[in-house]
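**Student:** Starting off with a structure, shown below.
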Amino acid sequence: FNEKTGKNQTKLDVQGTQLNSDNLGIVKAGNTQLAGTTNFQNDSDLEAATKSLTGALTSLKSLSSTFGANLSVVQTRQDFTKDMANTLTTGADNLVNADLNQEAASLLALQTRQQLSQQALSLANQADQGVLRLLG
């Protein structure tokens, strides 16, 4: 999650898990003559099955909690990244896209100032020439 590389880099490793009845410790129902199976004919078989199912449920809840926490971290980072990208896009758009009405008004004001300056200079020259005619 860190743009820097090296020791300060942070990352999130998500490990997948393959689950089945064997690695969850769930005893198969069936013929009592097969090893590792139960037929639910007595209380001890039912208690053993209940314990194995409870253990499997605990394992699944733990894995679910871990995946949920990882998902929350990734979603938070994704939201942050989207917000940052939107902010940068808006800033770039503001720098590139000028308000045409405002720019047109500024250009008109500049042209008006130039015209007024030229007229003032013309009037000043005419006044100087009038004074020279009187003296000359």
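**Student:** Which value in Å is the Kirkwood Rh of region 56-131 over different Cα pairs? Present the calculation step by step, with values, prior to reporting the outcome.
**Tutor:** Details: mean 1/r = 0.0528 Å⁻¹.
Radius from the Kirkwood sum: 19.0 Å.
**Student:** Spin-label point model (7 Å from Cα, Cβ direction): what's the Leu88 to Val74 distance in nm?
**Tutor:** It works out to 2.2 nm between the two label points.
**Student:** Before I look further, what does region 46-85 give for accessible area per residue, probe 1.4 Å, in whole square angstrom?
**Tutor:** On the way: 2940 Å² over 40 residues.
Averaged over the residues of region 46-85, the accessible area is 73 Å².
**Student:** Would you kindly find the accessible area of Phe80, with a 1.4 Å probe and non-protein molecules such as ligands, DNA and RNA excluded, rounding to the nearest 10 Å²?
**Tutor:** Counting only protein heavy atoms, Phe80 exposes about 110 Å² to solvent.
**Student:** Expressed in nm to one decimal, what extension gain is obtained for the pair Gln126 and Thr66 from 0.36 nm per residue of sequence separation less their Cα-Cα distance?
**Tutor:** On the way: separation 60, 0.36 × 60 = 21.60 nm, distance 8.95 nm.
Length difference between fully extended and current span is 12.6 nm.
**Student:** Share of region 63-136's accessible area from carbon and sulfur, percent, 1.4 Å? If you can, show how the numbers build up before the last one.
**Tutor:** Working: 3840 of 6480 Å².
Here it works out to 59 percent.
The values are calculated or read from the model by the stated rules, or taken from the named source; none is laboratory data. Note that the structure is a prediction, hence the values are computed from the model and not measured. Quick reminder, even Gly has a Cβ in these numbers, built from the backbone with ideal geometry, and neighbours come from all protein chains shown. Accessible surface is based on the protein model in full, side chains and every heavy atom, while ligands, DNA and RNA are left aside. Shrake-Rupley method; radii C 1.70, N 1.55, O 1.52, S 1.80 Å.
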